[in-house]
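*Asks:* After the structure tokens below, expect a handful of questions from me.
The values are calculated or read from the model by the stated rules, or taken from the named source; none is laboratory data. Small disclaimer: the values here were computed from a predicted structure and weren't measured. Every residue, glycine as well, gets a Cβ built from its backbone with ideal geometry; the counts of neighbours run over all protein chains shown.
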Amino acid sequence: MEVLSTKENILILIKEIKAQNKSVGFVPTMGALHNGHLSLVRKALNENDEVIVSIFVNPTQFNKKEDLEKYPRDLECDINLLKTLSNNNIIIYTPSINDIYGANIKALKFDFDGLENEMEGKFRPGHFDGVGTVVKRLFEIVKPDSAYFGEKDFQQLQIIKKLVEKFQLSVKVIGCEIYREENGLALSSRNQHLKSEQKKAAPTIFKILKEAKEKFRKQSAKKITDWVIKEFAKQKLLKLEYFIIADVKTLKENKIKSSKKSYRAFIAVYADTVRLIDNIALN
Ligand code: AMP
């Protein structure tokens, strides 16, 4: 398996792949890989000749310095996990800061038609400028035919689709289902920071999302939101940051239900300092 750490080397390899008319699937990650990431890579392998997985902990998308510092990093382990999927058709790209930012580690400013101001955008100021900057740069280097993003970060997925539309990039953005533990907890690199009691409590998040989905058939978004707030008030180890039922296109909070629109419920919860997000399709 090739592990390339410079832009120069990845550019040479991509040129070779393109010269052979092979398709390139791309899975951008921040490493600390788990089965959720692997599900994206598996899909990319099924749909492309070659798959490039980038591993880069992007400093500009962290709005808290300590979050960036404590982000788990284990390249050896990531490589071994990817090897379990394929030894021949995966290329790992671990860009340097210089590959992405040059001398100036600063995010660009984006207008994603307001998608960036909802939910995560409200609670993590500047986050999506950081995400937009790194993904745009990676797309310019890798020039993939298709890029795979998890619905786990549904707002991010919609923003990347908007980025591609606004900059007319020739890449197909493919959303991938959320991969969960058997108990329903969505896999996340942050789960490894959970203490054992918190780990036991965390599946409640998905349990509540599923009940919210059930209720959505008959009840208003307001009523469901009030119920969710009450349920979390009973939780000792989980603190609700937000619960929102939103239109999947605008990501704006839903006030009046329309049968023509698609909705999702989005949630962010703290287990002490560990921040967990999740979402579910409602209709
Ligand atoms: P990250 O390394 O956290 O930036 O994630 C890299 C990609 O993996 C993003 O597109 C995420 O949405 C996706 N991802 C992370 N966790 C999951 C999961 N549990 N299920 C599906 N996709 C995921």
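*Asks:* Residue check: is Phe167 out of contact with any Phe, Trp or Tyr (no Cβ under 7 Å at 6 or more places or on another chain) and buried (at least 20 other Cβ atoms within 10 Å of the Cβ)?
*Replies:* Here the answer is no, as Phe167 does not meet what is asked.
*Asks:* For segment 115-133, does any single residue satisfy the condition of being part of a loop (DSSP other than H, G, I, E, B), of a type in the set (D, E, K, R), more than 13 Å from the chain's Cα centre (by Cα) and within 15 Å of the ligand (Cβ to nearest atom)?
*Replies:* Yes, because at least one residue in segment 115-133 is part of a loop (DSSP other than H, G, I, E, B), of a type in the set (D, E, K, R), more than 13 Å from the chain's Cα centre (by Cα) and within 15 Å of the ligand (Cβ to nearest atom).
*Asks:* List the number of the failed condition for Ile178; all other conditions in (1) within 16 Å of the ligand (Cβ to nearest atom); (2) surrounded by fewer than 17 Cβ atoms within 10 Å (Cβ to Cβ); (3) in a loop (DSSP other than H, G, I, E, B) hold.
*Replies:* Looking at each condition in turn, Ile178 falls short on (2).
*Asks:* Next question, about the same structure. Would you be able to tell me the number of residues in segment 58-80 that are surrounded by 17 or more Cβ atoms within 10 Å (Cβ to Cβ) and free of Cβ contacts under 8 Å to residues at least 60 places away in the same chain?
*Replies:* 1
*Asks:* Taking Leu138, is it in a helix (DSSP H, G or I), assigned by TED's automatic domain parsing to the domain that holds Pro28, near the ligand (Cβ under 8 Å from one of its atoms) and not charged (D, E, K, R)?
*Replies:* So Leu138 fails the test.
*Asks:* Now for a separate question. For segment 1-46, which residues satisfy the criterion of being within 14 Å of Ser86 (Cα to Cα) and among the charged types (D, E, K, R)?
*Replies:* Of everything in segment 1-46, those that are within 14 Å of Ser86 (Cα to Cα) and among the charged types (D, E, K, R) turn out to be Glu2, Arg42, Lys43.
*Asks:* I'm told Lys161 meets every condition in (1) in contact with a strand residue (DSSP E or B) (Cβ under 8 Å, 6 or more places away or on another chain); (2) away from the ligand (no atom under 14 Å from the Cβ) except one. Can you identify the failing condition by its number?
*Replies:* (2)
*Asks:* Moving on to the next point. So Gly150 passes all but one of these: (1) of a type in the set (Gly, Ala, Ser); (2) within 20 Å of Gly130 (Cα to Cα); (3) not assigned by TED's automatic domain parsing to the domain that holds Glu120. Which condition number does it fail?
*Replies:* (3)
*Asks:* Quickly run through segment 116-140 and pick out the residues that are touching an Asp or Glu at 6+ places or on another chain (Cβ under 9 Å), aromatic (Phe, Trp, Tyr) and surrounded by 19 or more Cβ atoms within 10 Å (Cβ to Cβ).
*Replies:* Result: Phe128, single match.
*Asks:* Something else: Residues to consider are Ala19, Ala32, Ala107; find the one that is more than 26 Å from Phe154 (Cβ to Cβ) and of a type in the set (A, V, I, L, M).
*Replies:* Ala19
*Asks:* Looking at (1) under 20 Å from His193 (Cα atoms); (2) more than 11 Å from the ligand (Cβ to nearest atom), which is the one condition that is false for Pro95?
*Replies:* So Pro95 meets the others, but not (1).
*Asks:* Restricted to segment 146-175, and to residues that are aromatic (Phe, Trp, Tyr) and not in a strand (DSSP E or B), which residue is farthest from Gln61 (Cα to Cα)?
*Replies:* Phe167
*Asks:* Looking only at segment 151-175, how many residues end up being polar (S, T, N, Q) and closer than 20 Å to Lys43 by Cα?
*Replies:* 3
*Asks:* A follow-up question, please. State whether one or more residues within segment 34-41 are over 13 Å from the mean Cα position of the chain (by Cα), in the same structural domain as Ile100 (by TED's automatic domain parsing) and more than 11 Å from the ligand (Cβ to nearest atom).
*Replies:* No.
*Asks:* Please list, ordered by first then second residue, the pairs with beta carbon atoms under 9 Å, 6 or more apart or interchain, first in segment 25-51 and closer than 13 Å to Tyr179 by Cβ and among the aliphatic types (A, V, I, L, M), second more than 7 Å from the ligand (Cβ to nearest atom) and modelled with pLDDT under 95.
*Replies:* Val41/Ser86
*Asks:* Under 9 Å between Cβ atoms, at least 6 apart or on separate chains: pull out the pairs that start in segment 185-196 with a residue that is under 10 Å from Ala32 (Cβ atoms) and end on any residue that is hydroxyl-bearing (Ser, Thr, Tyr).
*Replies:* Pairs found: Ser189/Thr29; Ser189/Tyr71; Arg190/Tyr71.
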